[in-house]
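The values are calculated or read from the model by the stated rules, or taken from the named source; none is laboratory data. The shown structure was predicted, so the numbers you read here are calculated from the model rather than taken from an experiment. Glycine also receives a Cβ, built like all others from the backbone with ideal geometry; neighbour counts cover every protein chain displayed. Surface areas here come from the heavy atoms of the whole protein model, side chains and all, with no ligands, DNA or RNA. Shrake-Rupley method; radii C 1.70, N 1.55, O 1.52, S 1.80 Å.
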Amino acid sequence: MTRIQPPPTPSQPAGPSQPAGPSQPAGPSQPAGAVRDAPRAPDRLPLAGLLALATAGFITIMTEALPAGILPGMSADLGVTEAAAGQTVTVYAIGSALAAVPLTAATIGWPRRRLLILAVAGFAIANGVTAVSHSYLLTMTARFVAGVVAGLLWALLAGYARRMVTPGQRGRAMAIAMAGAPVALSVGVPLGTFLAQLVGWRFTFGIMTALTLALIGWVLATVPDFPGQARADRIPLRRTVRIPGVAPVLVVTLAFVLAHNVLYTYIAPFLAPLGLAGRVDAVLLVFGVFSLAGIAITGAFIDRRLRRLMIGCSGGFAAAALTLGLAGEVHWLVFVGVAVWGLAFGGAATLLQTASAEAAGPAGDVAQSLVVTCWNIGIAGGGVVGGLLLGGVGAGALPWAVLALLLPAIVVTVCARGHGFPSPAVRRERELAG
């Protein structure tokens, strides 16, 4: 069945996996011999395929974050300290940060579904090895491999979702595809931790392995294939960074994620002096529920309000940090601050990846890999900065550090009204010019 996807409009350029040239036209004229993306019905979202992408993101975050909740069991079984077992999270982030850009560049010409399946299969292998390994070195190697394929998969997902739909549906499609991350943080990790306490952490990793194998069949059945980018159409990394709008998005990504992880990584030590040491699970549940609400709001308005939503996310997070810094032992105020924080964080990944994709156009895949790299640097950097603050001036300084980090993110977002986070007026001008 042949279904033709219309070319992208100037206001919504080709997404990360939508290069101008052989795989997707950049405008009305298309080079001879060009191959269009797999066409699709214009008015209906391909929910089955988008949910398969969301499940891939769910597995990615589960694989990354689950060890944090099962450190005692892992450390005992592997014969190492809890601090050493905690490095399974660190080595995962390092793998993602190191691999995202070079792997994305090296595989830019590969058929997209084949690459997606290889990345998902990498998780099946890594989690399977983790489930049965009794060697700390082998476990760390498997975790590094999982991080490597995570860097590739995150750079792939956003562009894939955008190519599966018409230009006017791209924001909603990305919101669905990115929903796996907050679902994993709010529901998956607590459930996995609880299950690990009942039947053992190895069994939990085994379940994730089985789910990943099932996902391969799901992808084959519901996710269309797209061609890679022709060599002649590829844009080098240095030129990608210089594309107007890409650098501001990367700066905002790094500042926002660094601020988030300074506080999220050390949420338990922050809550203890406030008399909430026994309510960490409740606090994280509130954060997770409001993160899901943030995803829903983002999906509803991102196609028309990307700039306002990003300013709202950064400003809302700053207001939450201020609230947490002033709350003291007023517990209801702490929960209010965490709720606003979750609401602001929920849609951030979708907003930043959409902004990157629209700014970069045909260089979208490489730009997405840069976003992934900045995201993982923010994760690792948040742990380092937060740890230094915790050991130096104490947990009370964490919200104020978050506030300081968010100020440049707000300034850059507001100033990037021409490129990166364009204003509605600028977008209308581009539509009229096109």
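Over segment 117-265, accessible surface divided per residue gives 37 Å², non-protein components excluded, 1.4 Å probe.
A Gaussian network model of the chain, with springs between Cα atoms under 10 Å, assigns the largest mean-square fluctuation among 87, 169, 229 to 87. Each Cα pair under 8 Å and six or more residues apart adds its separation to the average, and for the chain the resulting relative contact order is 26 percent. Among 278, 196, 117, flag the residue with its Cα farthest along the positive direction of the charge dipole of the chain, charges on Cβ as +1 for Lys/Arg and -1 for Asp/Glu. After comparing all options, I get 117. Charged neighbours of residue 152, selected by a Cβ distance under 13 Å, balance to +1 (K, R count +1; D, E count -1).
Considering only alpha-carbon pairs that sit under 8 angstrom and 6 or more positions apart, the relative contact order computed for segment 199-340 is 18 percent. Local charge for residue 302 was computed over the other residues whose Cβ lies under 9 Å away, with Lys and Arg +1 and Asp and Glu -1, and equals +3. Projecting the Cα positions of 357, 342, 370 onto the charge dipole of segment 297-427 (unit charges on Cβ atoms of Lys, Arg, Asp and Glu, taken about the Cα centre) puts 357 furthest along the positive direction.
The mean sequence separation of alpha-carbon pairs under 8 Å and at least six residues apart, normalised by the residue count of segment 86-215, gives a relative contact order of 34 percent.
Rg and Dmax, both from the Cα atoms of segment 151-241 and both in Å, are 17.5, 55. Residues whose amide H falls under 5 Å from that of residue 110, counting only those 5 or more places apart or on a different chain, are 229, with hydrogens built in the peptide plane. At a probe radius of 1.4 angstrom, the accessible area of segment 269-418 per residue rounds to 37 square angstrom.
This model, with +1 at the C-beta of Lys and Arg and -1 at the C-beta of Asp and Glu, gives segment 168-281 a dipole about its Cα centre of some 460 debye. For the chain, leaving out every one of the trypsin sites (Lys or Arg not before Pro) that falls in a DSSP loop and has at most 13 other Cβ atoms within 10 Å, the longest unbroken run is 45-434.
Per atom type, the chain shows carbon and sulfur on 71% of its accessible surface, probed at 1.4 Å. Here the chain is treated with +1 on each Lys and Arg Cβ and -1 on each Asp and Glu Cβ, and its dipole about the Cα centre works out to around 1280 debye.
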